[in-house]
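**Student:** Got a structure for you, questions after.
The values are calculated or read from the model by the stated rules, or taken from the named source; none is laboratory data. Computed from a prediction, not measured in an experiment: that's the story for all the values here. Quick reminder, even Gly has a Cβ in these numbers, built from the backbone with ideal geometry, and neighbours come from all protein chains shown. Just so you know, the surface numbers come from the protein's heavy atoms only, side chains and all, with ligands and any DNA or RNA stripped out. Shrake-Rupley method; radii C 1.70, N 1.55, O 1.52, S 1.80 Å.
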Amino acid sequence: MQKILLSAYSCCPNKGSEPGVGWNVAYYMAQEDVEIHVITTNEFKVNILQETKKENFPKNLHFHFFDIPFSKFVWKNPEGFFIRAHYTLWQHFAKKEVKRLHKIFKFTSAQHITFVRYWTGSCLVNSGIPYVFGPIGGAEYTPKKLVKGLGLKSSFFDKLRNIARFMGEHSFFTKKTIRNAKYILCTSKFTAKRCSLIRKSNKNISILSEVGFKSKEIEFLQSQMTQKEDSLKICSLGRLVPIKRVDIIIKAFHQANIENSFLTIVGGGQCENELQNLINQLGLTSRVKITGMIPRNEALTIMSNSNIMAHAWVHESGGWACLESMAAGLPVVCLD
């Protein structure tokens, strides 16, 4: 039986985004006749261990938890910029752990799953294991005309991201990860182009979305496809951060002024208070609701009961909400 090691910094059952990518890839690869091992952080250890105790959990799926030595003292719950710094350090520290696991299990191959980012490199480099890098993204950028709307602080961080990406691309660690990978999977043409330049070849580079969710969720969404009521229900899903530009959706909803229409914003985050103030100023409190962070099944229910998905993110390497909406039979209104 083949033994495959997956590097999934972010991995958690019943989640979307990065944690969902890590979990779903591992879980469904384990449905095949292979032995799957996952190296991940301690962040979702409790959630993962609870899932492994279930009766129908795959017997050939194994988890190895690793964190950088001083993490519990410095970063108990890293967020924002700090989780990016933690992720970068984790990749470097995890290299020894990968080699240790390889000595024990003799892996036939490996794959970097999360984070879905090309410009940081992977702990799988120099491991002695043939590896696939990705799906990875991160070369996507905010169009110049949309940078101003981010506000002064967020525009600054957007520029900082571009600088960090440039520096990451030119690091020895990233170059070696990309050049030594047996195969590279990229989430977009932007990332594929950057990887080709670093690799000095487009050989063994393909475009493949990292978005993947359970077939049961698709079945659930399709089962909820019923004739909608006379009112127009619009929904938007995602973390409430500046690059998601939910303010555009609210302003467009106000300007359209469609009779008997309602907007539900599913998510929470740093922009929640700011967006609520905008809703109040425009007199939309009876028609626009922010749910805050809610369980994934509740979010999918709201989506399936809507008529339209509004999606105004200024750059995106995945687009879970878009694919989920299409699975639910919803038309998506979004930026190009």
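**Student:** Residues in region 185-193: is at least one of a type in the set (Gly, Ala, Ser) and either touching a strand residue (DSSP E or B) at 6+ places or on another chain (Cβ under 7 Å) or part of a helix (DSSP H, G or I) (or both)? Walk me through how you get there before you give the answer.
**Tutor:** Initially, region 185-193 is screened for residues of a type in the set (Gly, Ala, Ser), giving 188, 192.
When the remaining residues are screened for being either touching a strand residue (DSSP E or B) at 6+ places or on another chain (Cβ under 7 Å) or part of a helix (DSSP H, G or I) (or both), the result is 188, 192.
Yes, some residue in region 185-193 is of a type in the set (Gly, Ala, Ser) and either touching a strand residue (DSSP E or B) at 6+ places or on another chain (Cβ under 7 Å) or part of a helix (DSSP H, G or I) (or both).
**Student:** Do you know which residues across region 292-325 are open to solvent by 50 Å² or more (accessible area, probe 1.4 Å) and more than 25 Å from residue 260 (Cβ to Cβ)?
**Tutor:** 293, 295, 297, 316, 323
**Student:** Here's something else I'd like to know. Which of the residues spanning region 27-52 are buried (at least 17 other Cβ atoms within 10 Å of the Cβ) and part of a strand (DSSP E or B)? Quick ask: steps written out before the conclusion?
**Tutor:** Step one: of region 27-52, the residues buried (at least 17 other Cβ atoms within 10 Å of the Cβ) are 27, 29-30, 35-41, 43-44, 48, 51.
Correct list: 35, 36, 37, 38, 39, 40.
**Student:** Six or more apart or on different chains, Cβ under 6 Å: which pairs go from a residue in region 262-280 that's of a type outside the set (A, V, I, L, M, F, W, C) to one that's open to solvent by 60 Å² or more (accessible area, probe 1.4 Å)? Could you list them?
**Tutor:** Partner pairs satisfying both residue conditions: 264/289; 267/239; 268/293; 269/239.
**Student:** When the residues of region 301-335 are filtered to those that are in a helix (DSSP H, G or I) and of a type in the set (A, V, I, L, M), which remaining residue is nearest to residue 17 (Cα to Cα)?
**Tutor:** This residue is 321.
**Student:** Sticking with this one: Would you call residue 248 touching a residue at least 12 places away in the same chain (Cβ under 8 Å) and open to solvent by 20 Å² or more (accessible area, probe 1.4 Å)?
**Tutor:** Values: touching a residue at least 12 places away in the same chain (Cβ under 8 Å): yes; open to solvent by 20 Å² or more (accessible area, probe 1.4 Å): yes.
So residue 248 fits the description; yes.
For every residue, the table says whether it meets (1) aliphatic (A, V, I, L, M); (2) not in a helix (DSSP H, G or I).
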| residue | (1), (2) |
| --- | --- |
| 266 | yes, yes |
| 270 | no, yes |
| 273 | no, no |
| 277 | no, no |
| 283 | no, yes |
| 291 | no, yes |
| 294 | yes, yes |
| 299 | yes, no |
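**Student:** List, please: which pairs have Cβ atoms under 6 Å, are six or more places apart or on different chains, and start with a residue in region 19-42 that is in contact (Cβ under 8 Å) with a residue 24 or more places away in the chain and end with one that is crowded, with 20+ Cβ neighbours inside 10 Å and assigned to a helix (DSSP H, G or I)?
**Tutor:** These pairs meet every condition: 36/26; 38/26.
**Student:** So, in region 106-149, of the ones that are in contact with a Lys or Arg (Cβ under 9 Å, 6 or more places away or on another chain) and part of a strand (DSSP E or B), which residue ends up surrounded by the fewest Cβ atoms within 10 Å (Cβ to Cβ)?
**Tutor:** Checking each candidate, the answer is 109.
**Student:** So how many residues does region 1-18 have that are under 19 Å from the mean Cα position of the chain (by Cα) and touching a residue at least 40 places away in the same chain (Cβ under 8 Å)? Show your work before the answer.
**Tutor:** Filtering region 1-18 for residues under 19 Å from the mean Cα position of the chain (by Cα) gives 6-18.
Retained after the next criterion (residues that are touching a residue at least 40 places away in the same chain (Cβ under 8 Å)): 6-11, 14-18.
Count: 11.
**Student:** Here's a follow-up. Just give me the residues in region 53-79 being modelled with pLDDT under 90 and not in a loop (DSSP other than H, G, I, E, B), in sequence order.
**Tutor:** Result: 71, 72, 73, 74.
**Student:** Here is a further query. Taking residue 284 as the residue in question, decide whether it is on the phi < 0 side of the Ramachandran plot and touching a strand residue (DSSP E or B) at 6+ places or on another chain (Cβ under 9 Å). Show your work before the answer.
**Tutor:** Details: on the phi < 0 side of the Ramachandran plot: yes; touching a strand residue (DSSP E or B) at 6+ places or on another chain (Cβ under 9 Å): yes.
Yes, satisfied.
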